[in-house]
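Accompanying notes for the structure given below.
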Amino acid sequence: MLLVYGWTVPGQYLWLGWFSPTDSGLWLGLAQVMRLVIVTSSLQILLTKMTRPEIFTSIYIFLAPLQYFNDAQARFALRFALTLEKAEGLLEEKHSFSDLMGKILQPQPQIQTEYILQYTPLNQYQRLFFAGQCALILLTIFMGVAGFWN
């Protein structure tokens with residue numbers, strides 16, 4: 001990422017020569033790398049500190065403003081649960097990249113399954129922890145958007 005930004009973003013060259021990175025490209029690349037590190041590490045902390053039902057409950061609580069839009073809160077929580085379950089299943093199988101792409105692009109048979117999302121009450125510490133993680137992720141996203149528009 002740093003290499004792509006360093007040699008593709010216009011700015012002042014760091015040294016004279018044909019293959020020189022720019023100062024603004026390196027700074028933007030470093031900022032992007034830091035944002036990715038913050039988001040992935042905060043998600044990793046979230047996944048290790050909370051159980052699956054606690055994560056779903058947290059997502060459901062976080063999306064409470066969507067309850068006024070035709071039950072979007074429950075649908076998004078269910079989609080999140082299904083995505084997380086499918087991703088964990090694919091990671092456990094340990095296929096190569098080409099095998100995974102073949103599985104993804106291949107039509108899957110329609111299977112009817114029933115999912116029950118557990119609502120686990122969160123204590124105050126878990127609520128504060130989840131709110132802090134969400135605030136950190138949103139802050140890094142907004143920093144990226146602000147950097148994009150500048």
Next item on the list: Any lysines with Cα under 17 Å of the Lys94 Cα? List them, leaving off those in the same chain fewer than 8 positions away.
Entry: Lys86, Lys103
Check: Which of the peptides 88-97, 35-44, 67-76 is most tightly packed, and how do the rest follow, judged by the mean count of other Cβ atoms within 10 Å per residue?
Finding: 35-44, 67-76, 88-97
Notebook entry, point to check: So what are the three principal axis dimensions of segment 57-149 from its Cα atoms, in whole Å, longest to shortest?
Noted result: 40, 38, 28
Check: Residues of the chain: accessible area per residue at 1.4 Å, in Å²?
Finding: 78 Å²
Note to self: What distance in nm separates the two pseudo spin-label positions at Asn123 and Glu92, each 7 Å out from Cα along the beta-carbon direction?
What the structure shows: 2.8 nm
Next item on the list: Per DSSP H run of n ≥ 4, the term is -39500 (n - 2.57); total these for the chain, divide by its residue number, and report the mean residue ellipticity at 222 nm rounded to 500 deg cm²/dmol.
Entry: -23000 deg cm²/dmol
Check: Around Arg79, what is the net charge, scoring Lys/Arg as +1 and Asp/Glu as -1 over all other residues with Cβ under 14 Å from its Cβ?
Finding: 0
Checklist line | Hypothetical label at Ile111: residues of segment 78-92 whose amide nitrogen lies under 12 Å (7 Å Cα-Cβ projection) | finding: 86, 89-90
Margin query: If the only charges are +1 at each Lys and Arg Cβ and -1 at each Asp and Glu Cβ, what is the size of the charge dipole of the chain around the Cα centre, to the nearest 20 debye?
Written below: 180 debye
Check: P(r) of segment 5-83 in 10 Å steps, Cα pairs, percent per bin?
Finding: 17, 26, 19, 17, 16, 5
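The values are calculated or read from the model by the stated rules, or taken from the named source; none is laboratory data. Predicted, not measured: the structure shown is a model, and the values here were computed from it. Reconstructed Cβ throughout: ideal geometry from the backbone, glycine too, with neighbour counts over all protein chains shown. Areas reflect the complete protein model, heavy atoms only, side chains present, ligands, DNA and RNA absent. Shrake-Rupley method; radii C 1.70, N 1.55, O 1.52, S 1.80 Å.
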